[in-house]
Amino acid sequence: MGENNENWFRFFQFEKGRDSPSDARNVLLVIAALIAAVTFQAGVSPPGGVWQDNSPKNETDPHTAGRAIYASDGTAFYVFLISNTLALSTSILVLVSLTYRFPFHFEVFVATVSMMVTYGSAIFAVTPRPDTKYRYVLLAAALPYILRCLIQMFKKYRIKVKEFMSPPAAIAA
């Protein structure tokens, strides 16, 4: 029984000789687009919705119309907001990377940047102002790009170190 499950799992994994890079790119594009759509919608329409009215002045748990109801649980709301922003930003990085040097790449880039700006304005609009920790949300949005740059720099550094450490071809012969 366990062997069949393992074979099934392996059957659907990417295999270099069997699957083309184009097929792999297409699958990643679909997955990244789905993640971007879901996370964008979750940020624009937060779980639980938004308050429809202002609370009376004498209420112990004050709220403002148009602000996220979920934000009344501060820690949970920020975990949601940061995780959602990280997922959206990462999926957009994948979309932009996989469409690089393709027709209309510039237009895709402009659209995704515009979508991130729209997302940012929407989450800032529904997040209560007094205790907002925007720096964490902005860091979550920038983190995938920072990590990708660091990985690329490390790869280039590793290649240069290998070239420096290996003996020249003339001496080795």
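When residue 95 is tested against (1) within 16 Å of the chain's Cα centre (by Cα); (2) not in a helix (DSSP H, G or I), just one condition goes unmet, and that condition is (2).
With the structure loaded, tell me whether residue 145 is touching a helix residue (DSSP H, G or I) at 6+ places or on another chain (Cβ under 9 Å), over 19 Å from residue 45 (Cβ atoms) and modelled with pLDDT under 90 or whether it fails that test. For residue 145, the condition - touching a helix residue (DSSP H, G or I) at 6+ places or on another chain (Cβ under 9 Å), over 19 Å from residue 45 (Cβ atoms) and modelled with pLDDT under 90 - is not met. If only residues of the stretch 100-118 that are hydroxyl-bearing (Ser, Thr, Tyr) and in a helix (DSSP H, G or I) are counted, the one that is surrounded by the most Cβ atoms within 10 Å (Cβ to Cβ) is 112.
May I ask you to list the residues in the stretch 35-56 that are surrounded by 17 or more Cβ atoms within 10 Å (Cβ to Cβ) and in a helix (DSSP H, G or I)?
Scanning the stretch 35-56 gives 35, 36, 39, 40, 42, 43.
Residues being in a helix (DSSP H, G or I), in contact (Cβ under 8 Å) with a residue 40 or more places away in the chain and either within 17 Å of residue 29 (Cβ to Cβ) or not aliphatic (A, V, I, L, M) (or both): count how many of those fall in the stretch 65-76. Walk me through how you get there before you give the answer.
As a first pass, look at the stretch 65-76 and keep what is in a helix (DSSP H, G or I): 70-72, 74-76.
Those still in the list that are in contact (Cβ under 8 Å) with a residue 40 or more places away in the chain too: 71, 74.
After this cut, where a residue has to be either within 17 Å of residue 29 (Cβ to Cβ) or not aliphatic (A, V, I, L, M) (or both) as well, the list is 74.
Of the residues in the stretch 65-76, 1 are in a helix (DSSP H, G or I), in contact (Cβ under 8 Å) with a residue 40 or more places away in the chain and either within 17 Å of residue 29 (Cβ to Cβ) or not aliphatic (A, V, I, L, M) (or both).
Of the residues making up the stretch 52-59, none is modelled with pLDDT under 90 and in contact with a helix residue (DSSP H, G or I) (Cβ under 8 Å, 6 or more places away or on another chain). Of the residues making up the stretch 119-133, those that are exposed (fewer than 13 other Cβ atoms within 10 Å of the Cβ) and either farther than 21 Å from residue 47 by Cβ or modelled with pLDDT under 90 (or both) number 5. How many residues are in contact (Cβ under 8 Å) with a residue 24 or more places away in the chain and either assigned to a helix (DSSP H, G or I) or in contact with a strand residue (DSSP E or B) (Cβ under 9 Å, 6 or more places away or on another chain) (or both) when one looks only at the stretch 119-138? Number satisfying all stated conditions: 9.
Tell me the residue from 78, 70 that is of a type in the set (Phe, Trp, Tyr) and under 19 Å from residue 138 (Cα atoms), please. Walk me through it before giving the result.
Values: 70 fails: under 19 Å from residue 138 (Cα atoms).
Answer to the check: 78.
In the list 71, 37, 111, which residue meets the criterion of being touching a Phe, Trp or Tyr at 6+ places or on another chain (Cβ under 8 Å) and on the phi < 0 side of the Ramachandran plot? Give the steps one after another, and end with the answer.
Details: 37 fails: touching a Phe, Trp or Tyr at 6+ places or on another chain (Cβ under 8 Å); 111 fails: touching a Phe, Trp or Tyr at 6+ places or on another chain (Cβ under 8 Å).
That would be 71, the only listed residue that is touching a Phe, Trp or Tyr at 6+ places or on another chain (Cβ under 8 Å) and on the phi < 0 side of the Ramachandran plot.
Looking across the stretch 57-81 at every residue that is under 19 Å from the mean Cα position of the chain (by Cα) and surrounded by 15 or more Cβ atoms within 10 Å (Cβ to Cβ), the one that is nearest to residue 116 (Cα to Cα) is identified as 81.
The values are calculated or read from the model by the stated rules, or taken from the named source; none is laboratory data. Small disclaimer: the values here were computed from a predicted structure and weren't measured. Using ideal geometry, Cβ is built from the backbone for each residue, glycine included, and neighbour counts are taken over all protein chains shown.
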